[in-house]
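Read the figures in this text as sums done on the coordinates, not as results from a lab. Please read these numbers as outputs of a predicted model, since none were measured by experiment. Note that each Cβ is placed from the backbone with ideal geometry, even for glycine, and that neighbours are counted across all protein chains shown.
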Amino acid sequence: EADIYQTPRYLVIGTGKKITLECSQTMGHDKMYWYQQDPGMELHLIHYSYGVNSTEKGDLSSESTVSRIRTEHFPLTLESARPSHTSQYLCASSVTDRAFFGQGTRLTVV
Amino acid sequence: EDKVVQSPLSLVVHEGDTVTLNCSYEVTNFRSLLWYKQEKKAPTFLFMLTSSGIEKKSGRLSSILDKKELFSILNITATQTGDSAVYLCAVRAYQGAQKLVFGQGTRLTINP
């Protein structure tokens with residue numbers, strides 16, 4: 001339905017490693033979002049962007065960082081992964097009210 | 001703080017039953033309410049509602065918004081096992097980045 005892609009889909013990584021979750025969209029949407037979702041829980045906004053060179057922290061505090069150098073690309077980075085970062089990370093984009101979601105990255109930190 | 005509350009959190013019914021899912025919200029400068037279906041990973045869009053009293057319909061699914069009482073319902077008639085999913089309600093406000101604020105979701109299970 002929507003052209004928004006996340007990689008990897010699944011990632012198991014050791015504590016202390018640096019990781020980057022990729023998110024790309026080909027729809028030319030200005031607004032992009034990262035949500036974190038634990039199993040059976042609601043989506044929490046951790047980062048968003050209005051457009052290139054614009055990033056803001058969301059409602060849920062996160063140790064991750066994001067960048068928006070190109071409209072289509074909104075990567076999320078964890079400098080030092082910890083078991084508490086284990087979760088599902090969903091990327092989304094929108095131009096109007098409707099948000100389109102990627103397939104998500106299931107991250108497990110061991 | 002903007003808040004969205006869904007009920008019930010979990011619902012198990014038999015195939016063919018009709019279900020009603022509820023979503024209430026407290027949002028400053030309400031702009032729109034959206035319903036999504038989440039089966040495995042990515043939430044998929046169902047409806048967007050902006051005006052009170054106007055029903056949106058798609059096949060066996062329908063939804064309506066009451067802006068005075070600050071709630072919306074999602075109805076599914078003649079349920080099928082493929083309707084089993086988590087149904088998410090989200091609200092968007094006018095301020096800021098027009099962030100989507102999500103409720104906890106209702107986990108719907110349809111038994112054959």
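Some points to look at:
- Separation of region B:59-88 from region B:1-30 is 8 Å, based on Cα centroids.
- Over all other residues within a Cβ to Cβ distance under 14 Å of B:Val12, the charged ones net out to -2, with Lys and Arg as +1 and Asp and Glu as -1.
- Positive contributions from Lys and Arg (+1) and negative ones from Asp and Glu (-1), summed over other residues with Cβ under 11 Å from the Cβ of A:Val109, come out at +2.
- Local charge for A:Lys57 was computed over the other residues whose Cβ lies under 13 Å away, with Lys and Arg +1 and Asp and Glu -1, and equals -2.
- Pairs from B:Lys41/B:Lys68; B:Lys3/B:Lys40; B:Lys37/B:Lys68; A:Lys31/B:Lys56; A:Lys57/B:Lys57; A:Lys57/B:Lys56 whose Cα-Cα separation, in the structure shown, is over 31 Å: B:Lys41/B:Lys68; A:Lys57/B:Lys57; A:Lys57/B:Lys56
- GNM on chain A, alpha-carbon springs under 10 angstrom: the most fluctuating residue among A:Arg98, A:Arg68, A:Arg82 is A:Arg98.
- Peptide A:47-57 shows a mean partner chain C-beta count of 1 within 10 Å per residue C-beta.
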